[in-house]
Amino acid sequence: MLYFVIKALHILSDFLLIGGMLINAFVIGMVPPAIRVGVIAALRRYDRTVTTAALGGAWLFGLWLIFGYIGFSDGWLHAKLLLVILLSALHGMQQGWMRRMQADPKLDPPAFVRAGMPIILVSVVLIVALAVIKPF
Ligand code: HEM
C-alpha cells in the first residue's frame, strides 16, 4: 500500500513541477518585455512556493521509490535521471533569469533558457516513456 501512496505522491509532484516549469518557459520565452514585468513578479511567488516544492517532492518520493523498493540497477532509471537532472538545472536557470528579468525586463536570457518550452516537452515525453515502458 505504501509503495502506491509514494508513487502517487511522486506523480502528483511531477505534474505540478512540469506545469510550473512550462509557465516559467512561456513567460521567459514568449511574453513581450513590455508586459512581463508584473507577470514575472507574480510568477516568482508561485514558482518559489508550488513549483520549487514540487521539484523537491519529485526528488524525495522518486529517491524513496529507488532506495525503498526498486533499487538503482535499471538502465531506464539511469537515462531518466539524466533527463531529470537536466530539468532540475533548467528550473534553477529559470529562477535565476526571472530574478534578473524582474529587475531589468529588457534582459534576454541565453538560448538554453529561452528554448525551455521544447526542452521541457521533449524531456517529459522521454521521461514518461522510460518510467512506464522501462525499455532497458
Ligand atoms: C526527480 C527525480 C526523479 C526520480 C528519482 C524518479 C524515480 C522514479 C522511480 C524510482 C519510479 C518507480 C518506478 C516503478 O516503481 O515502477 C518512478 C516512477 C515514475 N516516475 Fe519518476 N523520478 C523522478 C522524476 C520524475 C519526473 C520529473 C517525471 C515526469 C515528468 C517522472 C515520472 C514518473 C512516472 C510517470 C512514474 C510511474 C511509472 C510506472 O508506474 O509505471 N518522474 N520515478
Given (1) open to solvent by 50 Å² or more (accessible area, probe 1.4 Å); (2) within 9 Å of the ligand (Cβ to nearest atom); (3) farther than 17 Å from Ser123 by Cα; (4) not β-branched (Val, Ile, Thr), Gly57 misses just (1)
Restricting to region 99-119, name every residue that is more than 13 Å from Met30 (Cα to Cα), part of a loop (DSSP other than H, G, I, E, B) and hydrophobic (A, V, I, L, M, F, W, C). Leu107
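Does Ala34 satisfy being aliphatic (A, V, I, L, M) and modelled with pLDDT under 95?
It is true that Ala34 is aliphatic (A, V, I, L, M) and modelled with pLDDT under 95.
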Going through (1) polar (S, T, N, Q); (2) over 23 Å from Arg114 (Cα atoms); (3) within 8 Å of the ligand (Cβ to nearest atom) one by one, Ser73 fails only at (3)
Taking first residues from region 109-136 that are over 23 Å from Gln95 (Cβ atoms) and second residues anywhere that are more than 9 Å from the ligand (Cβ to nearest atom) and part of a loop (DSSP other than H, G, I, E, B), the pairs with Cβ under 9 Å that are 6 or more apart or on different chains are Ala129/Pro135; Leu130/Phe136
Subset of region 127-136 [more than 9 Å from the ligand (Cβ to nearest atom) and either modelled with pLDDT of 95 or more or open to solvent by less than 60 Å² (accessible area, probe 1.4 Å) (or both)]: Ala129, Pro135
For region 76-114, name all the residues that are closer than 24 Å to Leu63 by Cα and in contact with a Pro (Cβ under 8 Å, 6 or more places away or on another chain). Trp76, Met93
Within region 1-49, track down each residue that is away from the ligand (no atom under 11 Å from the Cβ) and basic (Lys, Arg). Arg36, Arg44, Arg45, Arg48
Hey, can you tell me all the residues within region 28-43 that are open to solvent by 50 Å² or more (accessible area, probe 1.4 Å) and either touching a strand residue (DSSP E or B) at 6+ places or on another chain (Cβ under 6 Å) or in contact (Cβ under 8 Å) with a residue 24 or more places away in the chain (or both)? Met30, Pro33, Ala34, Val37
What is the one condition in (1) farther than 14 Å from Asp14 by Cα; (2) open to solvent by 40 Å² or more (accessible area, probe 1.4 Å) that Gly96 does not satisfy? (2)
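The values are calculated or read from the model by the stated rules, or taken from the named source; none is laboratory data. Everything numeric in this text was worked out from a predicted model, so none of it was measured. For neighbour counting, all protein chains shown are included, and Cβ atoms are generated from backbone atoms with ideal geometry for every residue, glycine included. Note: areas computed on protein heavy atoms with side chains; ligands, DNA, RNA excluded. Shrake-Rupley method; radii C 1.70, N 1.55, O 1.52, S 1.80 Å.
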